[in-house]
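Asker: Once you've had a glance at the structure underneath, I'll fire off some questions.
The values are calculated or read from the model by the stated rules, or taken from the named source; none is laboratory data. All of these numbers come straight from a predicted model, not from anything done at the bench. Here the Cβ is made from the backbone with ideal geometry for all residues, glycine too, and neighbour counts use every protein chain on show. For accessibility, only protein heavy atoms count, side chains too; no ligands or nucleic acids. Shrake-Rupley method; radii C 1.70, N 1.55, O 1.52, S 1.80 Å.
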Amino acid sequence: MNNPFTLSFGKKPLQYVSRISQTQKIIEEFNTSKPSNQIYMITGVRGAGKTVMMTGIANELRAQDTWVVVELNPTRDLLQSLAAKLYSLPEMHAHFLQKKIDFSVLGIGVSIENATPVTDIENAIELMLGELQKREKRLLISIDEVTNNESMKIFVSAFQIFIRQEYPLFLLMTGLYDNINNLQNNQSLTFLYRAPKMILEPLNYTAVRTQYRDIFQLDVEAAGEMANLTKGYPFAFQVLGYLSWEYREKRKTKTIILKDIMPEYDQYLEEYVYSKIWAEASPKDQEILGEMALSGETRVKNIRDRVGMNSSQFSIYRDRLKNKGILDTRTYGQVSFALPRFAEFIQERIR
Ligand SMILES: Nc1ncnc2c1ncn2[C@@H]1O[C@H](COP(=O)(O)OP(=O)(O)O)[C@@H](O)[C@H]1O
Ligand SMILES: [Mg+2]
């Protein structure tokens with residue numbers, strides 16, 4: 001049997017731990033008869049499972065009759081891509097051909113003799129949304145890894161208008177916290193400002209343990225030790241599973257000595273994710289994280305004293321590091337690392 005774990009990003013893994021509550025929250029909201037919210041932004045660190053979760057939701061809705069799902073590439077012209085993708089739905093172009101509506105000036109479809117040309121892209125999309133509405137369909141647009149670029153801004157302001165016109169469309173986006181935040185703080189995109197962000201939670205501990213237990217036929221304790229080593233971070237779950245599988249194959253053994261795997265585990269986490277996270281952290285963030293890693297201190301008050309910050313200064317950094325998925329603040333008065341082996345990584349980095 002091939003290794004069932006994967007090191008690649010963006011694709012639903014064979015070993016998949018479902019995120020029932022967060023996934024269902026979005027699906028249910030989008031499916032209510034009078035949705036109060038038509039947009040969601042999924043955020044979390046690299047490797048937190050944003051793309052996998054968004055794809056999962058898109059696939060689930062696509063399987064329902066009422067939904068049409070369109071995936072857009074954030075580096076392209078989004079309105080143009082949306083129009084082209086809507087037009088390419090079979091029932092759409094048949095309808096427009098029959099009605100002699102011509103989008104060819106916009107680079108969509110073919111030119112039609114004696115037809116009314118549509119020359120404005122937003123207008124073209126409105127016509128298509130109107131058709132979906134008539135057919136009682138809902139449209140989900142998904143965009144992976146958004147940034148605060150020009151095309152996104154244009155797209156979101158058009159989306160805002162379509163919503164106001166009560167077209168049945170929904171938007172699901174993923175992005176790193178800073179990118180989403182920058183996009184949201186655009187003066188002109190007021191409606192994005194209020195749009196909910198969903199920060200991805202760690203994978204469920206028991207579910208992770210069960211998967212390891214089943215796959216490697218371990219007892220609860222040994223599987224629990226592995227689950228702890230991942231802290232529910234999805235990429236780490238894959239890496240640790242992957243390395244454990246390789247380890248057993250290579251040595252023709254059933255027992256896994258985790259200590260032997262650690263150097264490779266650390267190396268994968270560093271190369272795929274941690275180096276980038278560290279490079280993107282501000283000097284102050286690095287100072288706080290460095291202090292925590294070296295001292296092992298978790299009490300907020302003591303960390304604050306060590307870096308010489310008052311309570312309100314510190315809470316800004318703490319909240320940001322939490323939102324980015326780097327710190328765990330669930331215990332009152334304490335902070336700890338949300339990512340596995342991140343303290344060890346920092347210790348190596350700054351020594
Ligand atoms: N629910 C999950 N269960 C198990 N592994 C997951 C899950 N979600 C993501 N992964 C794994 O985590 C890694 C990162 O997932 P991905 O969705 O690409 O993250 P992101 O888009 O946040 O960077 C991939 O290797 C993927 O296989
Ligand atoms: Mg991704």
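Asker: GLU28 is checked against (1) loosely packed, with under 14 Cβ neighbours inside 10 Å; (2) charged (D, E, K, R); (3) within 26 Å of ALA158 (Cβ to Cβ) and fails just one. What number does that condition carry?
Answerer: Failed condition: (3).
Asker: So which of TYR205, TYR242 ends up being surrounded by fewer than 19 Cβ atoms within 10 Å (Cβ to Cβ) and either of a type in the set (Phe, Trp, Tyr) or in the same structural domain as LYS324 (by TED's automatic domain parsing) (or both)?
Answerer: Details: TYR242 fails: surrounded by fewer than 19 Cβ atoms within 10 Å (Cβ to Cβ).
Going through TYR205, TYR242 in turn, just one is surrounded by fewer than 19 Cβ atoms within 10 Å (Cβ to Cβ) and either of a type in the set (Phe, Trp, Tyr) or in the same structural domain as LYS324 (by TED's automatic domain parsing) (or both): TYR205.
Asker: Among the numbered conditions (1) surrounded by 18 or more Cβ atoms within 10 Å (Cβ to Cβ); (2) without any contact (Cβ under 8 Å) to a residue 40 or more places away in the chain, tell me where ASN123 comes up short.
Answerer: (1)
Asker: Any residue in segment 131-145 that's not assigned by TED's automatic domain parsing to the domain that holds LEU171 and open to solvent by 20 Å² or more (accessible area, probe 1.4 Å): show its pairings with residues that are at pLDDT below 95 and within 16 Å of ligand 1 (Cβ to nearest atom) at Cβ separation under 9 Å, as long as the two are six or more apart or on different chains.
Answerer: Going by the 9 Å Cβ cut-off, there are no qualifying pairs.
Asker: Here are the criteria: (1) within 22 Å of LYS231 (Cα to Cα); (2) surrounded by 14 or more Cβ atoms within 10 Å (Cβ to Cβ). Tell me which single one ARG330 does not satisfy.
Answerer: Single failed check for ARG330: (2).
Asker: I'd like to know if segment 167-177 contains one or more residues that are at pLDDT 95 or above and more than 21 Å from THR55 (Cα to Cα).
Answerer: Yes: segment 167-177 contains one or more residues that are at pLDDT 95 or above and more than 21 Å from THR55 (Cα to Cα).
Asker: Here is a further query. Looking at ALA227, ALA293, ALA236, which is the one that is of a type in the set (A, V, I, L, M, F, W, C), closer than 27 Å to GLN334 by Cα and assigned by TED's automatic domain parsing to the domain that holds GLN334?
Answerer: Just one listed residue meets the conditions, ALA293.
Asker: So which residues in segment 129-153 are closer than 23 Å to MET54 by Cβ, at pLDDT 95 or above and over 20 Å from the mean Cα position of the chain (by Cα)?
Answerer: Answer for segment 129-153, where residues must be closer than 23 Å to MET54 by Cβ, at pLDDT 95 or above and over 20 Å from the mean Cα position of the chain (by Cα): LEU129, LEU132, LYS137, ARG138.
Asker: Here's a check for you: in segment 252-282, which residue that is polar (S, T, N, Q) and in contact with a Phe, Trp or Tyr (Cβ under 9 Å, 6 or more places away or on another chain) is surrounded by the most Cβ atoms within 10 Å (Cβ to Cβ)? Explain how you work it out, then say what you get.
Answerer: Within segment 252-282, the subset polar (S, T, N, Q) is 253, 255, 267, 275, 282.
So of that shortlist, the ones also in contact with a Phe, Trp or Tyr (Cβ under 9 Å, 6 or more places away or on another chain) come out as 253, 275, 282.
Details: THR253: 10, SER275: 13, SER282: 10.
Here the residue is SER275.
Asker: Please enumerate the residues belonging to segment 283-305 that are open to solvent by less than 10 Å² (accessible area, probe 1.4 Å) and closer than 12 Å to GLN347 by Cβ.
Answerer: Correct list: LEU289, GLY290, MET292, ALA293.
Asker: Going through segment 133-152 one residue at a time, which ones are in contact with a helix residue (DSSP H, G or I) (Cβ under 9 Å, 6 or more places away or on another chain), not charged (D, E, K, R) and not in a loop (DSSP other than H, G, I, E, B)? Full working, then the answer.
Answerer: Pass one, segment 133-152, residues in contact with a helix residue (DSSP H, G or I) (Cβ under 9 Å, 6 or more places away or on another chain): 135, 137-149, 151-152.
Right, trim to not charged (D, E, K, R) and you get 139-143, 146-149, 151-152.
Matches in segment 133-152: LEU139, LEU140, ILE141, SER142, ILE143, SER151, MET152.
Asker: Quick check on my filter: what residues within segment 178-189 are open to solvent by less than 80 Å² (accessible area, probe 1.4 Å) and either assigned to a helix (DSSP H, G or I) or closer than 30 Å to ILE257 by Cβ (or both)?
Answerer: Passing the criteria: ASP178, ASN179, ILE180, ASN181, LEU183, GLN184.
Asker: Let me ask something additional. Confirm whether GLU221 is over 21 Å from GLY47 (Cβ atoms) and outside any helix (DSSP H, G or I). Write out each step before concluding.
Answerer: Numbers: over 21 Å from GLY47 (Cβ atoms): yes; outside any helix (DSSP H, G or I): no.
No: the conditions fail for GLU221.
Residue-wise test of (1) outside any helix (DSSP H, G or I); (2) among the basic types (Lys, Arg); (3) at pLDDT below 95; (4) under 21 Å from GLN15 (Cβ atoms).
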{"position": "LEU243", "(1), (2), (3), (4)": "no, no, no, yes"}
{"position": "THR253", "(1), (2), (3), (4)": "yes, no, yes, yes"}
{"position": "LYS259", "(1), (2), (3), (4)": "no, yes, no, no"}
{"position": "PRO263", "(1), (2), (3), (4)": "no, no, no, no"}
{"position": "LEU269", "(1), (2), (3), (4)": "no, no, no, yes"}
{"position": "VAL273", "(1), (2), (3), (4)": "no, no, no, yes"}
{"position": "ALA279", "(1), (2), (3), (4)": "no, no, no, no"}
{"position": "GLN286", "(1), (2), (3), (4)": "no, no, no, no"}
